[in-house]
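Take a look at the structure below.
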Protein chains: 2
Amino acid sequence: MESVAACLYRMQIGDPAAPSLLAAAGHEMRTEALACVPAGKAPFPMEDIRISTQGDRTVVLIPFHEGERLYGCGLSYQKLNRTYEVIHLRTDHYGGRDNGRTHAAVPFYVSSEGYGVFLDTPVEVSFYLGGTVRTDDSRKPQARDRTTDPRWTSVTPGNWVEISFRAPGAVLYLINGASAADTVRAFNLLCGGGCMPPKWGLGFWSRLHTKADADAVCREIGAYRERGIPLSVLGLEPGWQNYAYPCSYDWSEERFAGHERLPRDLLDQGIRLNLWENMFVSPASTLYDSMLPYAGSHQVWNGIVPDYTLPEARAVYQARHAALAGEGISGFKLDECDGYDRWLWPDHASFPSGSDAVAYRGMCGLLLQRMIDEVYRARGERTYGLVRASSAGGCAFPFCIYNDCYAFSEFLTGLASAALCGVLWAPEVRDAKTPDEWLRRFQLAAVSPLMMLNAWASGAKPWKFPEVTEGVKEAIRLRYRLLPHLYTAFYLYYAKGEPPFRPLLLEGGDYSGQRDVPLSDTENPYALRQTCEVVDQILVGRGLMAAPIAPGQTSRTVVLPAGGWYDFYTGERVCGQTLTLNPVPDHLPLYVREGTVLALQEEDGLCLCCFGESGEGLLYDDDGTGRGYEEGAFYLAKVSFRRRGGVTEHRVTVLHNGYPAPRITIR
Amino acid sequence: MESVAACLYRMQIGDPAAPSLLAAAGHEMRTEALACVPAGKAPFPMEDIRISTQGDRTVVLIPFHEGERLYGCGLSYQKLNRTYEVIHLRTDHYGGRDNGRTHAAVPFYVSSEGYGVFLDTPVEVSFYLGGTVRTDDSRKPQARDRTTDPRWTSVTPGNWVEISFRAPGAVLYLINGASAADTVRAFNLLCGGGCMPPKWGLGFWSRLHTKADADAVCREIGAYRERGIPLSVLGLEPGWQNYAYPCSYDWSEERFAGHERLPRDLLDQGIRLNLWENMFVSPASTLYDSMLPYAGSHQVWNGIVPDYTLPEARAVYQARHAALAGEGISGFKLDECDGYDRWLWPDHASFPSGSDAVAYRGMCGLLLQRMIDEVYRARGERTYGLVRASSAGGCAFPFCIYNDCYAFSEFLTGLASAALCGVLWAPEVRDAKTPDEWLRRFQLAAVSPLMMLNAWASGAKPWKFPEVTEGVKEAIRLRYRLLPHLYTAFYLYYAKGEPPFRPLLLEGGDYSGQRDVPLSDTENPYALRQTCEVVDQILVGRGLMAAPIAPGQTSRTVVLPAGGWYDFYTGERVCGQTLTLNPVPDHLPLYVREGTVLALQEEDGLCLCCFGESGEGLLYDDDGTGRGYEEGAFYLAKVSFRRRGGVTEHRVTVLHNGYPAPRITIR
């Protein structure tokens, strides 16, 4: 193990030329920021880590002890604590179970002890998270008789996390932050740091029906304006292309006759256009002939699959997307690079570069994001978009993951889980069966990295259910109100690796437990205990916490982490360790931590709202669209406050002065 | 491809010393019976099969064409038609989805065109069943624009079934029966032919609560006798051992003080004892020290995992089980050799023989069955038992698969699917929430290879719900009434490879279709069509068909295959291609095909019931317990009948006369 930073160790296993997620993503490690992450004490002697081979598998053993809780191992949707699970991590569409097949198959976990482990390889990795016991271990759990000993349990805590994979090599990282939150930050900084979306990307998005044409685009903008609903981005689905599924990447002249001017016309109205695509190239595409030499052995949906590990293939792709960016297109939605095995190339497919098909699948989402990001970088612009697969290294790309599932609880838990694997997750609104569901989905989307109505099939509008239109409008307005706070949160993601949306467990507490569930020969034959965790609350930047209400939910509990909390709307202090909302409010429950300075975009301008008696917060600003922030063209200030006898004193300390200070009021 | 029989071709791929399912099972191919299976015309030129390697994967391409329906690829529980699916076949506990993780991961499929393909390897095998399209294929489906072409579909029929696996070698079989039914028969005969259970095995089984003791056993028998409920086998769960989970394989002196005499005492009353076990050896077992040298690298539930590919380990196991058989134990329930990844050894575990851990997992159920079967074979006896994992080669072992699931519809579909992969599936009764559910579960079990109440946790008795006790009794009596028919059906399984329980599709018709399901961005984003199949009816031996009623079901449709059908109970002819039961009857709906001679055990003795105007049937008998039938000690007759003016003429043609003819009456 070689030390890379105070909190970061690195070990090359096997062939250094083996495929790598970080190499595919191509970001530089954020060395300076990494050096500032506080390191913890060593969780175990480094020499206790064991590496061996068994047949064609490489096996890594990381010490583990009973009582540790392990989080991560890829984007999950139902639970965060993965201790004792077996996870075969593989890029795929999430299929309703947290079994390792997921949109961000990130081979990284973080322990409640603070440290984390990351294995940099795009191949399938199997994690045995503490429940295996080796015959030659000197310390073993005691065997018990199930018939007579009530302490018998189906779970056998062992001494190791065992990790196995089949590849010529991989790099193993041990991240030893002072806390789980520090380790997650260090992981993100190792991956290149968090992305910095443009300001417009944090506004409200609406995707049109797939058959929409240029007239529909204009009508849509008019309809929003008429109703006073702010809108930042319009998304066009497959129908923008003259041929899609597989894709042509060429405009439909029929539906978008004036496409050369359309994006600029919209820009003049403050609206960006985002275009859908998948990676399968149609024989009808103008790119087809140039791409054919770089195609894999198998087609998908009757289109060829380019091998984007090849610079020649990337050049063809980027030339086309640079042209679209030149027309004024703001970004892309990169669909279906994740899986459903039956809709992707088989595991034995071959590619002209010689890439293994499973490894390519693991890298594909990263390669696509990288190509798009480079296109906009070359223009000095930022982009923001959607992608259905990402992995380690993806945090530095301005893309949010989405999928085809639609369970509200999973959409919410995905937000929390994403922070544990260095990605962003967007719980989009598509449709609803009831007005209540419609409203609750908008409220959830308002506290996510990308607030979007995706009506590609339904054609639904925010005002679909008149009885909740006002509530939906409020949720969208809330989003714009929170924008300065979100923007500062993203700066912390970019500069310090701090995830803008986080589960409570990264606050340091436990927030998880186990509940006995009775033995049942039909329901629970192994008398499995049930994990109870707080998976339905989310921290949004520093000091703000959302407890979204699910459709149909009539009462809920809110867990309040340590430190005082205030109701966001009333400013009233809420007491206790938990709060019961019964009945639930119509609005999205939001709470602010004691001592927070919350930057809000109010009608009369940027307002810093102080909660509690004293505290401090950060305020970040830049031009909102360019890449100058990377070279210092930004403003950063620390704002502290103290209330004395009804008077609020505050002090603004400018930390970085590369961009004009915004005008603020303080409350 | 080398021809092995008229309908069977064989090709060695790679290393002939690679692990093999058939070698693990150890049966001889049934050459003579195989020679009698009619062959079909070649489905494609043999030379069109392609074998190649891609990285460490071997890839087999089998020609496929649109319109073919493919069945098999392991025991499934929700559907039979697997066309266009991707299945990663692996021994595991079925987890509620037909995704390849299943109790019988049999790498065999059969086409509606009649032929079948079997790849003999215990490693994980991936099947891409007709939905992949290769870039270099000359014939490809036409690409279509999703936005404008209503013929766009997410399914792209290709020219191949693609099969890939990672092992040094495997044997590929092409089975070219004249029909799918012939191919399934040939597959079973290649695997050694079907098993022949003892007669008692086809009676009613009851498993006691895990904490039951010798007194409870006696009380149980008394309680059955008192209520006039026949009982053939009592099962003891973990509590028979002095230490279980992991196992000692030693009697509990506390609960079974008189265990040396108990099995014989019960035998005198016509009751057999079957003992539960799993394969994990407790440190408290008398076998532990002898087994330790053959243990794998990982423990399971704090017990060692013996490597049963080693003859030394088998000798230790068989010595103990021979002793138990010598005490009069009739057989075993071999639990938990299937999976749940977290409760089995990891994929990278090592074993002293050098066996790959995944390959060993694939063979384990077979090795256990083989050891038990050999123990009873050495005694000249038959056994019948339960096992939670099997595979190709398992059909010749007298074991039924069971699992921890409990969905009625899956239990029923499992019966049908088992016939497509050469195994037997037992839909056991464990518990019920309502009297109706209780009754319907007994009725389903009555038409399965093993009718069992498994009350290991619930302690439930057949008379649990007084309001349906009479119905439950009737179901158990029905089972005993059907016994001669079932026994003859098993003879056909043994001698001709004919599965005793079969889905309708093996009758030659289609019985499956597809239904359009509307596009929905929340429910069905790929506008997937739904497969509709008859998965809730089952053929039981020749000429008998059951259409079980699910709990809570108030009406159902019964599909009647070609040929006339009669109600089993009334003898009345039922008309039409489908029958609607509304309301459903209290009893199990059973139908008999025109021309069937059904052997039933009536109160006044063995009765051959003739259905229709003329026809014929087989009658098989032997001593019911010994192995003499393998050497010709059995009776087989063909019984034909014709009705003329109210008089039934019949003729009995003795086909084999190695055992006394049973006394029969004919109706």
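A few remarks follow.
- Cα gyration tensor shape of the protein assembly as shown, rounded if a/c is under 1.5, else prolate or oblate by comparing a/b with b/c: prolate
- Inter-label distance, nm, simple model (7 Å from Cα along the C-beta direction), A:GLU649/B:LEU581: 8.5 nm
- Lysine pairs in region B:397-513 whose alpha-carbon atoms fall under 14 angstrom of each other, counting only those eight or more residues apart or on distinct chains, come to 4.
- Between copies, the label points at B:GLY628 (set 7 angstrom from Cα along Cα-to-Cβ) are spaced 10.1 nm, reported in nanometres from shortest to longest.
- Inter-centroid distance (Cα atoms) of region B:562-585 relative to region B:236-283, Å: 46 Å
- For region A:263-316, the fraction of 1.4 Å probe accessible surface lying on carbon and sulfur atoms is 50 percent.
- Position A:GLN54, label points 7 Å along Cα→Cβ, spacing to each other copy in nm (shortest first, one decimal): 2.8
- Anisotropy class of region B:417-553 from Cα gyration tensor, a/c 1.5 cut: oblate
- Under the simplified labelling scheme, the B:THR522-A:THR434 pair shows an inter-label distance of 1.1 nm, with each label point 7 Å from Cα along Cα→Cβ.
- Accessible area in square angstrom per residue, region A:1-87, 1.4 angstrom probe: 46 Å²
- With the charge dipole of the protein assembly as shown set up from +1 on Lys and Arg Cβ and -1 on Asp and Glu Cβ about the Cα centre, the Cα lying farthest toward the positive end among the listed residues A:GLY612, B:TRP343, A:CYS575 is that of A:CYS575.
- Helical segments meeting 27 Å axial Cα length and Kyte-Doolittle -0.5 threshold in chain A (DSSP H): A:357-378, A:469-496
- Cα gyration tensor shape for region B:336-375, rounded if a/c is under 1.5, else prolate or oblate: oblate
- For the protein assembly as shown, the mean residue ellipticity at 222 nm estimated from helices alone is -6000 deg cm²/dmol, where every DSSP H run of n ≥ 4 contributes -39500 (n - 2.57) and the total is divided by all residues, rounded to the nearest 500.
- With a 1.4 angstrom probe, the accessible area lost at the A-B interface totals about 6900 Å².
- Distance in nm between pseudo-label sites at B:GLU374 and A:ARG667 (7 Å out along the Cβ direction from Cα): 8.2 nm
- Element breakdown for region B:577-657 at a 1.4 angstrom probe: carbon and sulfur atoms account for 43% of the accessible area.
- For region B:520-659, a simple Cβ point-charge model (Lys and Arg +1, Asp and Glu -1, everything else neutral) yields a dipole of about 560 debye relative to the Cα centre.
- Positive contributions from Lys and Arg (+1) and negative ones from Asp and Glu (-1), summed over other residues with Cβ under 13 Å from the Cβ of A:ASP510, come out at -3.
- Cleavage-rule hits, GluC sites (Glu not before Pro), region A:507-555, DSSP coil, Cβ neighbours within 10 Å at most 14: A:GLU523
- Residue-averaged beta-carbon neighbours from other chains (10 angstrom radius) around B:151-157: 3
- For GluC sites (Glu not before Pro), the sites in region A:585-646 that DSSP calls loop and that have at most 11 other Cβ atoms within 10 Å are A:GLU603.
- A full extension of the chain between B:ALA35 and B:THR148 corresponds to an added length of 35.2 nm, given 0.36 nm per residue minus the alpha carbon distance.
- Alpha-carbon centroids, region B:481-545 and region A:446-496: separation in whole Å: 49 Å
- Listed residues A:ASP622, A:ASP15 arranged by accessible area, highest first, probe 1.4 Å: A:ASP15, A:ASP622
- Cα-Cα separations in chain B greater than 40 Å, expressed as whole percent: 29 percent
- Between copies, the label points of B:GLY605, set 7 Å from Cα on the Cα→Cβ line, lie 11.0 nm apart, reported in increasing order to one decimal in nanometres.
- Taking every protein chain into account, the accessible area of region B:121-277 amounts to 31 square angstrom per residue (probe 1.4 Å).
- Loop-resident chymotrypsin sites (Phe, Trp or Tyr not before Pro) (DSSP state other than H, G, I, E or B) in region B:29-119 with no more than 12 further Cβ atoms inside 10 Å of their Cβ are absent.
- Other residues whose C-beta falls under 11 angstrom from the C-beta of A:CYS400 contribute a net charge of +1, scoring Lys and Arg +1 and Asp and Glu -1.
- For the residues of A:128-135, the average number of beta carbons from a partner chain within 10 Å of their own beta carbon is 6.
- Each peptide among B:22-28, B:45-51 gets the average number of other Cβ atoms lying within 10 Å of its residues, and from highest to lowest they stand as B:22-28, B:45-51.
- The chain A residue nearest the rotation axis shared with chain B, using its Cβ and rounding the distance to whole Å, is A:ASP56, 3.
- A Förster radius of 60 Å, combined with the Cβ-Cβ distance separating A:CYS532 from B:GLN12, puts the computed FRET efficiency at roughly 0.65.
- For region B:381-525, the solvent-accessible area works out to 24 Å² per residue, with a probe of 1.4 Å and every protein chain left in place.
- Region B:316-356 - Kirkwood radius from inverse mean 1/r over Cα pairs (Å): 13.0 Å
- Share of carbon and sulfur in the accessible heavy-atom surface of region A:8-141 [1.4 Å probe, %]: 47 percent
The values are calculated or read from the model by the stated rules, or taken from the named source; none is laboratory data. Values in this document were obtained by computation on a predicted structure and should not be read as measured data. FYI the Cβ positions are ideal-geometry reconstructions off the backbone, even for glycines, and counts take in every protein chain you see. For the accessible areas, the whole protein counts, side chains as well, though only heavy atoms, and no ligand, DNA or RNA atoms are used. Shrake-Rupley method; radii C 1.70, N 1.55, O 1.52, S 1.80 Å.
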